[in-house]
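Accompanying notes for the structure given below.
The values are calculated or read from the model by the stated rules, or taken from the named source; none is laboratory data. Please read all numbers here as calculations on a predicted model, not as lab measurements. Note that we place each Cβ from the backbone using ideal geometry, even for glycine, and neighbour counts take in every protein chain shown.
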Amino acid sequence: MIVDYLLKKLLIVGMLYYWRPRKYSENFLATINKFRLPVLENLLAKSDKWRAEIRAEIQINLLTKILAKAALTPFWKVRFENNKFIPKIGNLEDLEKLPVLTKEEIKNHNLAEFFPPYLDENWAWLITTSGTTGEKTYFLQDKFSSAVTEAFFRRALKWAGLENPNRILIINFFKSWSKNCGTHINIDYNNFKNIWFVLNQHEPEGLFADVDLLVDLATELENQDKIFKLKSVVYNGRLLFEHERELIERIFGCGLFSLYGASECGIIASECSAHNGLHINMERVYVETVNNSIIITVFDDEVMPLIRYKIGDIGSIKNLSCSCGLGLPRLFLEGREKNGN
């Protein structure tokens, strides 16, 4: 039992998250990801049932690592000093000594201030938020975290009853989460009438798309008086209205599963078969709520550490047991903040 626990801790806290050369190498990334993805998938199939104290200890280890790396960046070095914060925590609550990080703060600083001086700049992608609640915000995303994020995407599919990621049809979705999963297609809104043909051509077991696109696709199929049976539909984006949920479930003959994430944070939480909240991915994020504002700390983005980041959504967290059997706490989303910051 002790050996098994130490192995889990070593794999998650050690090489799977942080071991890499400082100089960027496409070949290294491709090679290490072939190893990391299946190992992480296997671990994540078990870690959602670990005891709470084991998960908390792993979170503290991961937080300590990302805080130590953040302390080497210009932005976080100043922030830690100004708040007399020592980046070595004894418990998760110690993080509350830091103020929350807002999108406005990020806009007011050069992204180079968040980047660690010891890494090759080619390890970073430049990404942006959707801008649906206002002006777009730019971030740096760690290429090294792509396999980690994809492992959590695959776990979300499994929670939705989709065991084979290759039988998923992914529509108009361009994030790295799903890079090596399923079949990716782009559908222009001018060609929506072809959706029935496309579905029959690919014969998927499940569907993944943004919520607004799903509503439009289901509406188009309803107008054509068509129904296409699936095992599950997984969606990302805003909260569904009840009439939209009923429409999608009727057209595709299956349950809907929400995946909560963002371009800058990756996958934060996913819905299970109980459909009663979204289970938080505690192995890669620490989630708090402050006056109902959702605050995210990401463990695996070394090129731009996001610590106590105010994502712009509101909700609540419950640590009560779930009927699905998963031990992870649940996040209950309530919508966007008025200003999105």
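The table below lists the values:
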{"item": "Out of GLU163, GLU121, sole residue that is surrounded by fewer than 21 Cβ atoms within 10 Å (Cβ to Cβ) and either closer than 22 Å to VAL233 by Cα or modelled with pLDDT under 90 (or both)", "result": "GLU163"}
{"item": "All positions within region 315-333 that are surrounded by fewer than 17 Cβ atoms within 10 Å (Cβ to Cβ) and modelled with pLDDT of 95 or more", "result": "SER316, ILE317, PHE332"}
{"item": "Residue under evaluation ILE86, criteria (1) within 27 Å of ILE32 (Cα to Cα); (2) of a type in the set (Val, Ile, Thr); (3) outside any helix (DSSP H, G or I), criterion not met", "result": "(1)"}
{"item": "Leading residue by the ranking (surrounded by the most Cβ atoms within 10 Å (Cβ to Cβ)) among those in region 239-281 that are within 27 Å of LEU126 (Cβ to Cβ) and among the hydroxyl-bearing types (Ser, Thr, Tyr)", "result": "SER270"}
{"item": "Any hit, region 230-237, residues being of a type in the set (Lys, Arg), assigned to a loop (DSSP other than H, G, I, E, B) and in contact with a helix residue (DSSP H, G or I) (Cβ under 6 Å, 6 or more places away or on another chain)", "result": "no"}
{"item": "Residues that are among the basic types (Lys, Arg) and not in a helix (DSSP H, G or I), drawn from region 172-221", "result": "LYS175, LYS179"}
{"item": "Some residue of region 110-118 being in a helix (DSSP H, G or I), touching a Ser or Thr at 6+ places or on another chain (Cβ under 8 Å) and modelled with pLDDT under 95", "result": "no"}
{"item": "Lone unmet requirement of (1) of a type in the set (A, V, I, L, M, F, W, C); (2) part of a helix (DSSP H, G or I); (3) under 16 Å from ASP301 (Cα atoms); (4) touching a strand residue (DSSP E or B) at 6+ places or on another chain (Cβ under 6 Å) for VAL148", "result": "(4)"}
{"item": "Every pair of residues 6+ apart whose Cβ atoms lie under 8 Å, when the first sits in region 316-340 and is more than 19 Å from LYS103 (Cβ to Cβ) while the second is aromatic (Phe, Trp, Tyr) and at pLDDT 95 or above", "result": "SER316/PHE332; ILE317/PHE332; LYS318/PHE332; CYS324/TRP159; LEU326/TRP159; LEU331/TYR260"}
{"item": "Matching residues, region 21-56, being assigned to a helix (DSSP H, G or I), within 27 Å of SER323 (Cα to Cα) and over 21 Å from the mean Cα position of the chain (by Cα)", "result": "GLU53, ILE54"}
{"item": "Sole residue being among the small types (Gly, Ala, Ser) and modelled with pLDDT under 85, chosen from ALA71, ALA56, ALA52", "result": "ALA52"}
